[in-house]
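Worksheet for the structure shown next.
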Number of protein chains: 2
Amino acid sequence: MDKSATVSKRAYDRFCPLSLALDQVGERWTLHIIMALMNGPKRYSELKRHLAGAGTNILSDRLRRLAGGHIVGRSTGQAPGSETTYHLTERGAALASVIGALATWGIDLLSGTETGEPQVFDRTWTIDPSTETINETYQWSIDGIEFELAAHDRQLTRTPGRAARPVVKFKTSKAIFASILTGEVSVAEAVEAGEVRFKGSRQALRRMFSVLGFPFVRVGY
Amino acid sequence: MDKSATVSKRAYDRFCPLSLALDQVGERWTLHIIMALMNGPKRYSELKRHLAGAGTNILSDRLRRLAGGHIVGRSTGQAPGSETTYHLTERGAALASVIGALATWGIDLLSGTETGEPQVFDRTWTIDPSTETINETYQWSIDGIEFELAAHDRQLTRTPGRAARPVVKFKTSKAIFASILTGEVSVAEAVEAGEVRFKGSRQALRRMFSVLGFPFVRVGY
DNA sequence: CAGAATCCGAACCGATACTG
DNA sequence: CAGTATCGGTTCGGATTCTG
């Protein structure tokens, strides 16, 4: 029946901006959908691939709810069989500040302050089916914290310390990396300004950001 | 069998600042706890009252997890029977930008763009046990959208239109209200600058913000 | 085949009862 | 007061099925 009108029973129901915001975008995967749509409209199947790990019912539910809140819109071409795409409305695009704040806060966690143990991340969501299997390692240094990132099959493993034979070495500060992620500055510009140092081919650099899930990073070469 | 029988706490497990941030503060109630602690350390029971609607096990779990992430700290006085309090660490205080972004985005939702129907909010979390029952209405106007807020028992009802006999009339713009909520400006200063208009006693104004769940608002009189 | 609904086992949430 | 234990209901995640 009319499911679009039903609100999650698990709403906060408070007269409070934080609560009302979280009632709309606080559920699991919702902000990930928004972030995926920040780089332009996407089809259902593209979103599904990008949200690897979430069930198709979740994606369907979130999109319905977001459409009901006028956060995303659904565009269907008029040609029969033409694709349907989802895009952010103005209200949805305004969530950039929220995602920006969360991502900025989360940058510290990329380095893994907890010492020692290697950590395995899911990487299926960054896999571009048009490219072949990637199997390489990168050397990172952020604010002096060094670690190796090893892309292997559908996993990405982060290990503290130096990498054996990295394809790319990448060194910068947390603040600079943040402004690279937000698109404020390109990697090339940051290198120019002496705020990023990297070794490796430009092609590998570009591929690295794709593999890591930052395809939107402006490499700038 | 073929899939790893991991402890599978529902984490995103992505090498992505947004995902890692949400792994730490994306669960239900977590950001509400952070916001509650923004106004200073609190005891377990205070938090429990402020989080009316969440089970005590949830609060316990969230605090444990937040402590593990060095986002909140636990302080126990050395005197026997002294209270234990929870407070934000520096890392936790850095979440102010996240909460600020969400709250700013959520301000639009306070007015209730969805037409017509009155909406009922839970108000138990704003009830100060030391004060007696409150039963009064306020007239709000934000960016020209008028609505009545009626505090009744443990509910708060928002109704579009004008209130019958409000104790307080409050009129401002969304932007100004945002800066009042963030503490950037006091109500008195905004009135001074002609950006807020209100009618009613200053005492009632102060009480209104408490009843609505904004006890931290600097009235400034 | 893309888009979406349905079903089901498992994890999670919320409320109450209970313990030190 | 500060939690822990437990239980029923809800939500999630994955596979499958349906529909044009």
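Across the residues of B:90-100, average count of Cβ atoms on other protein chains within 10 Å?
4
When N counts the residues of the stretch A:99-178, how does its alpha-carbon radius of gyration compare numerically with 2.2 N^0.38 Å, as a ratio?
1.13
Distances from A:Gln119 to the same position in the other copies: list them in nm, one decimal, shortest first, using label points 7 Å from Cα along Cα→Cβ.
So the label point of A:Gln119 gives 3.6 nm to the other copies.
Express in whole angstrom the spacing between the alpha-carbon centres of the stretch B:104-154 and the stretch A:29-60.
Their Cα centres are 34 Å away from one another.
Label position 7 Å from Cα toward Cβ: report the copy-to-copy distances for B:Ala96 in nm, one decimal, ordered from shortest.
Result, one decimal in nm: 2.5.
Rank B:Gly92, B:Gly144, B:Val72 by how far each Cα sits towards the positive end of the charge dipole of chain B (+1 on Lys, Arg Cβ; -1 on Asp, Glu Cβ) and give me just the farthest.
Of the options given, the answer is B:Val72.
Which value, in Å³ per residue, describes the convex hull spanned by the Cα atoms of the stretch A:37-125?
Dividing the Cα hull volume of the stretch A:37-125 by its residue count gives 121 Å³.
Mind listing the long-range amide H neighbours of B:Glu146? Cut-off is under 5 Å, sequence gap 5 or more, other chains count too, H placed in the peptide plane at 1.01 Å from N.
B:Gly161
Roughly how big is the stretch B:99-221's charge dipole about its Cα centre, with Cβ charges of +1 (Lys, Arg) and -1 (Asp, Glu), in debye to the nearest 20?
So the dipole magnitude of the stretch B:99-221 works out to roughly 360 debye.
How large is the convex hull of the C-alpha atoms of the protein assembly as shown per residue, in Å³?
Per-residue hull volume (Cα only) is 206 Å³.
Let me check against my output: what whole-number percent is the relative contact order of the stretch B:82-160, with C-alpha pairs under 8 Å and at least 6 apart?
Rounded, it is 28 percent for the stretch B:82-160.
For A:Asn39, place a label point 7 Å out from Cα along the Cα→Cβ vector, do the same in each other copy, and report the separations in nm, one decimal, smallest first.
Relative to the other copies, A:Asn39 has label-point distances of 4.2 nm.
In peptide B:26-35, how many Cβ atoms from other protein chains are near each Cβ within 10 Å, on average?
Mean partner shielding for this stretch: 4.
For B:Val168, enumerate residues with amide H under 5 Å from its amide H, sequence gap 5+ or separate chain, H modeled in the peptide plane.
For B:Val168, whose amide H was placed from the backbone, the distant partners under 5 Å are B:Gln139.
Helix-derived [θ] at 222 nm for chain B: sum -39500 (n - 2.57) over DSSP H runs of at least 4, divide by residue count, nearest 500?
So the helix-based figure for chain B works out to -10500 deg cm²/dmol.
Given Cβ point charges of +1 (Lys, Arg) and -1 (Asp, Glu) and nothing else, what value in debye, to the nearest 20, does the dipole of the stretch A:124-179 about its Cα centre take? Display every interim value, and only then the final one.
Details: 7 positive and 7 negative charges, 49 e Å.
Here the size comes out at about 240 debye.
Any idea how far the Cα center of the stretch B:174-218 sits from the one of the stretch A:173-221, in Å?
Spelled out, the Cα-based centre of one part sits 44 Å from the other.
The numbers here are math on the coordinates, done by the rules we state, and not lab data. Just so it is clear, the model here is predicted, and its values are computed rather than measured. Glycine gets a Cβ as well: all are built from the backbone with ideal geometry, and neighbour counts include every protein chain shown.
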